[in-house]
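The values are calculated or read from the model by the stated rules, or taken from the named source; none is laboratory data. Just so we're clear, the structure is a prediction, and the values are computed from it rather than from any experiment. For neighbour counting, all protein chains shown are included, and Cβ atoms are generated from backbone atoms with ideal geometry for every residue, glycine included. With ligands, DNA and RNA removed, areas are computed over all heavy atoms of the protein, side chains included. Shrake-Rupley method; radii C 1.70, N 1.55, O 1.52, S 1.80 Å.
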Amino acid sequence: MEYTAPTTDADRAIPALLAAHGDNLYALALRLCGEEEAAKDLVQETFMRAFRGWDGFQGRSKASTWLYTIAVRSCQRMHRRRAGEPARLEPLDRLLPSGDEGILQIPSDDDPAADAERHEASEAVLGALRALPLEFRLPLVLKEMADFSIAEIAETLDVKAPTVKTRLHRARLRVRQELANALPTRPAPPPDHAREECLALIRAKQESLDHDTEFPLSNDLLCDRCSAVFLTLDYGRAVCRALSSGRMPQDLRRSIGQALSQD
């Protein structure tokens, strides 16, 4: 169910949006906040702000995009850095794959024996998301979980598109790094081309992820190391997208419904 314009009043529109998008918004809030109680507060704040601001929704975007934008801006207002959350991300050269890194073994979705590895990978991604400073977590969650474009993220966060890309690329590499620490590896062959070429290919791969396009080179034209890095970036994205679905707790749904009826 999707709304594109405020064709009805808030008393009818916002409960309908709660029914249609509440579960996904709660999943998004969990990844933004990293804590259940903070996520509940954020979701309730989002729907109350949407209710009070319904008349200002012009229908220039999908209603879900409008809701997510309210959630992100509310998250920025409510955010207090948690204990252990860094103020900054590591320098880029520490996030890039090293020359002595092994080839990661990506668990297959079709292999029941890989359940433990898939769980480890999911936990590694969750840990990476929680550890990211908010300015890096927001663009990653919006891109990989809410399916925002680079332009939509830039508008929502009020930053320039190149800044979004820089933060998004570093956040992806941080997730990839955590996967590299969690998943088994096999020995890597010696590199068959210069590190600068590998880094240029990684930048091009990131651009293809930014715009949801196929990478222009086939795997047989890549060295084993680059292929493995690309697989890990793709796998990290797939895990992020799997984390974008969930169920809103019934007590939260009831609380929002009651608040809307009383406001």
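Summary of computed values
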read-out	value
Per-residue HN-Hα couplings for the range 236-248 [Karplus 6.51, -1.76, 1.60; θ = phi - 60°; Hz; x = Gly/Pro]	x, 5, 4, 5, 4, 5, 5, 7, 7, 10, x, 10, 6
Percent carbon-and-sulfur accessible area, the chain, ignoring ligands, DNA and RNA, probe 1.4 Å	48
Extension gain from residue 114 to residue 37, taking 0.36 nm per residue of separation minus the Cα-Cα distance	24.5 nm
Per residue, in Å², the accessible surface of the chain once ligands and nucleic acids are set aside, probe 1.4 Å	51
Cα-based Lys proximity count in the chain, under 17 Å, for pairs eight or more positions apart or on separate chains	5
For residue 103, distant residues with modelled amide H under 5 Å away	186, 188
Between the range 157-193 and the range 210-226, the Cα center-to-center distance that results, in Å	15
Estimated inter-spin distance, residue 61 and residue 211, nm [label 7 Å along Cα→Cβ]	2.1
Förster radius 25 Å - calculated FRET efficiency between residue 92 and residue 234 (Cβ-Cβ, nearest 0.05)	0.75
Dipole magnitude (debye, nearest 20) for the chain, charges at Cβ of Lys, Arg, Asp, Glu	960
Lys/Arg +1, Asp/Glu -1 at C-beta; the chain dipole; positive extreme among 44, 230, 26	44
